[in-house]
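Read through the structure below, which is laid out as structure tokens, and then see the notes.
The values are calculated or read from the model by the stated rules, or taken from the named source; none is laboratory data. Not measured: the values here are computed from a predicted model. All Cβ positions, glycine included, derive from the backbone under ideal geometry; neighbour counts span all protein chains shown. The protein model used for the area step is the full one, side chains on, heavy atoms only, and it has no ligands, DNA or RNA in it. Shrake-Rupley method; radii C 1.70, N 1.55, O 1.52, S 1.80 Å.
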Amino acid sequence: MTADEFLFLFDGEEKERVRIEIDNGISFAIIGGVPVLYMGNLPSLGAIMISSFNTSTLSSAKELYVSSLEASIDGIEIVTYAECYGPSSVLRGVEDGEGRLHVVSALGIRKFIEGNKDRARRILVRGGSIITPGAGIYDRKRAEYVASRLSLSSLSYIGGEYLHPSNPVLSMLDDGKDVSILRSSLQSRAGRKLASEGCPVSSSYSSFSEFAGNIVYHSDKGRFSFLDERYDSYRYP
């Protein structure tokens, strides 16, 4: 698809914003029928969505970190959805596991980068990406949909009273993809409702995926640290 063909998908001010971003070197693509702008490298097939839906608790932050670390050590690329800038626990786990993180943000790409330059740099320097639907209009529904289409499976924290109808966990369940919620999600009404409807519950990536090759555990002298706790990893024989 040429730039002119891509721009044809937009109207008015949004079209002009997209044109400016493309002129500044931002890449573009169509994902699941949704036009997106992105920086970096799009995820390969087999990526897992590890994300937080609602404000993370202390226990969920640790589970997100451990899951992201385990998946990254296994060489699995991670997609995370971000209302704004994405959970730092996922980014830390990916960095410690020397993996790749792909953030799908409801913000425009320029707003995401300008709002948190350090986080954006850390994502891109490791070969990850920042992906947004459009250039400047906040669009939760389309961003969540894009995150679901980029992911083969999902392991997420669900918080709050209710789950937003556009949440990618719901669409991925409908698509028959492997989906589980983190154990800490049971602290919320929304998480308990999902579990009562048959959604599996896992404590981390290694307990979720039958193909996991590493398990992260607490260790006082471990190589990794997060929130004043130390961890190490064990590789299955």
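General remarks:
- In the stretch 168-237, the trypsin sites (Lys or Arg not before Pro) that fall in loop regions by DSSP, at most 13 other Cβ within 10 Å: Lys221, Arg223
- Estimated 222 nm signal from helices in the chain, with DSSP H stretches of n ≥ 4 weighted -39500 (n - 2.57), rounded to 500: -10000 deg cm²/dmol
- Peptide packing: for 59-70, 115-126, the average count of neighbouring Cβ atoms within 10 Å per residue gives the ranking 59-70, 115-126, highest mean first.
- Highest-fluctuation residue, Gly176, Gly97, Gly127 considered, GNM on the chain with Cα pairs under 10 Å: Gly176
- Taking all protein chains together, Thr57, Thr2 sort by accessible area into Thr2, Thr57, largest first [probe 1.4 Å].
- Residue with peak Gaussian network fluctuation, the chain [Cα springs, cutoff 10 Å], from Ala47, Ala190, Ala106: Ala190
- Mean separation of Cα contacts under 8 Å (6+ apart) over length of the chain, as relative contact order %: 20
- The chain: most fluctuating residue of Ala212, Ala71, Ala82 per GNM, C-alpha cutoff 10 Å: Ala212
- Under-20-angstrom lysine pairs by C-alpha in the chain, whenever the two are 8 or more apart or on separate chains: 6
- Net charge contributed by nearby residues that have their C-beta within less than 11 Å of Phe211 (K/R +1, D/E -1): -3
- Each of Asp220, Asp96 has its accessible area taken with a 1.4 Å probe; listed largest first, they run Asp220, Asp96.
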